[in-house]
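Reviewing the structure listed below.
The values are calculated or read from the model by the stated rules, or taken from the named source; none is laboratory data. Quantities reported herein were computed from a predicted structural model and do not represent experimental measurements. Backbone-built Cβ (ideal geometry, glycine too); neighbour counts: all protein chains shown. Accessible surface areas use protein heavy atoms only, side chains included; no ligands, DNA or RNA. Shrake-Rupley method; radii C 1.70, N 1.55, O 1.52, S 1.80 Å.
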Amino acid sequence: MRIVLHGPPATGKRMLGERFVVDFRIIYLAVGQILREEAASGSALGKLANASMQRGELIADDVIIKVVLERLSEPDCQERGWVLDGFPRTKAQADAMVAHGIGIDAFILLEVPPEELMDRVLGRLFDPKTGRTYHAKTNPPPKSVMHRIISRPDDTDASAVKRRIAAHDEQLPGILAVFDHLAGNMSVVAKIDGARKPKAVYRDVRQAAASRVWLSWKGLQAPDGTNYRMYTVPRTDAPIARSAYGGWGQASPAPIAPSRTPTVVLIHGIGNFSAVWDKMARAITAQAGLSVLTYDLVGRGHTPMRADSEFGASAHVTQLRTLLTSLSLGDAPVVLIGHSMGGAIAALYAEAHGGPAGSRTADGQGAAPHVVAVALLAPAGLMNPSQVVTVRRFASCAPALLKKVLRKTQLDAQERDFVEPGSDAAVAALRRLVLQAEANPNAFDAFFQSVLDFPLFGLYSTALSLGRTTGLPVLLLWGARDKVVKFTPCHGRWWGALRAARHDGKEGCTLTDVVLPELGHGAFLEQRELVHRPLIAWLKGHVVDSVRA
């Protein structure tokens, strides 16, 4: 979630930014405050900024740009996202954001008539201790802080205020030229009437920002309506460039022969959607040199739900099969990586379609397998049936009441995915679910029907089938503190089924078992590095190296 709040002085940007902090637990960055903190730090950039401020001069663009870009690169901004107030103020600053790959989801332009701006600025009061802003007429400070309230010198000079407003108006066309482009079918720029009451302004600003963030997660649409996104391998001869998501890109390994290169398919869990895979997909393409496909399950994310949509095992397998076939991957080698219910879907798909599917090796000798490897991240399918059966019985008696209860408690239940729900990564993941609930009213119904129809337990024969596939690389990865698909006993059931062939004296699958002691169900979101390291090592060792060999 990356938002720019833009407007002339006294349009209420700080108030709006603070509301975003409360609603989305996003990082609010007031550029003036960032510059003051940098000056106080005594850094080289801080000294340059402080010298300009002491002389009453505008701080040079190159100094402001370096200070802001450094702040945006810090981990909290990378994970939680940010809302910028006071940057960019010039076209050069806007160009610098683009040049450094700092993409934005929404550019909110607040419009207020000049005469009202003058009244707001000339009556503005400031609390230097808290940083809060008041107004002599419309929002007077409480008596308890009156002794420290000040007026900034540049807020008391009417001619200076007019010059600041004029400077904003002069720079605005150049800034809009940088950002006024379409994301999907919606402009990134949203113009909001800021002359109304704060509640009405925030309502429209929030809706404009949320809808644009939601649209930024939309990919392409397959013929059956499935929303998907393909992450391709970076060119090895291309320069390393900073991505719109903040990290520096990494050169990929030497490319594999295209006819034999597997595509990695990431399958999300029951209540999520494909945006959760973004950083893992980028890591796989950059470090393992494999293209990655993500998609939204029926009703989740941007994949629509129809009146006749089904949510059992066969329906989810059919959706994936139809998608791969439409992308000419129905006979191609694929690696399936699934989390939670997505892990169960991966196992079911491999059971149904994993064998030779008509594709041939590069030399044309014989059919090659379609599913060449499977990674299961805390997979459902062998859960304890008691709780699920209780929910399903309740649904048969009082479906409306159960839906009402689950809708109220779903977000609280999602927090159980994380050992630390207040961490930057957990906050970002939970915010995605909030936005999905607001933007896609069918998402909860799809989740609810999947709870009722999908085999969250009882897939032992499917697990056995996967384990008995001779030579198939299988990764079983679990957080030992998983409270959703509980590590004990679910991990033991999967491990036992996948090892059953060896107990029978047969070769079976090639099993790699990874347990992450301190992580929970959302391990691949909460501590990505701890998950990416074994996952990418497994991909390199069991997929990439075998193809090159």
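Brief remarks on what is shown
- The residue list G103, L84, G7 was ranked by how far each Cα lies along the charge dipole of the range 7-113 toward its positive end, using unit charges on Cβ atoms, and G7 comes out on top.
- Charging the Cβ of each Asp and Glu at -1 and of each Lys and Arg at +1, and nothing else, the dipole of the range 402-445 about its Cα centre rounds to 280 debye.
- Taking a Cβ cut-off of under 11 Å around H302, the surrounding Lys, Arg, Asp and Glu residues balance to a net charge of +2, with basic ones at +1 and acidic ones at -1.
- Farthest positive-ward along the range 156-228 dipole, Cα basis, beta-carbon charges - from I192, A158, F179: A158
- Protection proxy ranking of 510-518, 284-292 - average other beta-carbon atoms within 10 Å, highest first: 284-292, 510-518
- Rounded to the nearest 20, the Cβ-based charge dipole of the range 1-126 about its Cα centre (Lys and Arg +1, Asp and Glu -1) stands at 180 debye.
- Counting Lys and Arg as +1 and Asp and Glu as -1 over every other residue whose Cβ lies under 15 Å from the Cβ of G354, the net charge comes to 0.
- Percent RCO, i.e. relative contact order, over the chain, from Cα pairs under 8 Å lying at least 6 residues apart: 12 percent
- Span per principal axis, largest first, for the Cα atoms of the range 1-129 (Å): 39, 36, 31
- Along the chain, longest interval not containing exposed trypsin sites (Lys or Arg not before Pro), exposed being DSSP loop plus at most 11 other Cβ atoms within 10 Å: 307-505
- Assuming charge only on the beta carbon of Lys and Arg (+1) and of Asp and Glu (-1), the dipole of the chain about its Cα centre is about 960 debye to the nearest 20.
- Residue-averaged 222 nm ellipticity for the chain, from DSSP H runs of 4+ at -39500 (n - 2.57), nearest 500: -13500 deg cm²/dmol
- Options G496, L459, V484, ranked by Cα towards positive dipole end of the range 444-549, top entry (Cβ charges): G496
- Where only alpha carbons of the range 161-232 are counted, the Rg and the Dmax (Å): 17.2, 56
- Rg and Dmax of the range 396-536, Cα atoms only, in Å: 17.8, 53
- Anisotropy class of the range 363-418 from Cα gyration tensor, a/c 1.5 cut: prolate
- Legend: distances between Cα atoms for K47/K129; K403/K483; K197/K403; K47/K279; K137/K197; K13/K129; pairs beyond 26 Å are K197/K403; K47/K279.
- The heavy atoms of H181 offer some 90 square angstrom of accessible surface to a 1.4 angstrom probe.
- Note on S187 and S461: the model spin-label points, each 7 Å out from Cα along the C-beta direction, lie 5.9 nm apart.
- Accessible-area value, T133, 1.4 Å probe, nucleic acids and ligands omitted, Å²: 50 Å²
- Burial order of peptide ranges 452-460, 331-339, 219-227 (average beta-carbon count within 10 Å, highest first): 331-339, 452-460, 219-227
- Computed from Cα positions, the angle between helix 13-24 and the longest principal axis of the chain comes to roughly 20 degrees.
- Loop-resident GluC sites (Glu not before Pro) (DSSP state other than H, G, I, E or B) in the range 4-87 with no more than 16 further Cβ atoms inside 10 Å of their Cβ: E57.
- Stokes-Einstein D for the chain, Kirkwood Rh over Cα pairs, 4 °C, 1.567 mPa s (µm²/s): 50 µm²/s
- Label-point separation, A158 to D412 (7 Å along Cα→Cβ), nm: 5.7 nm
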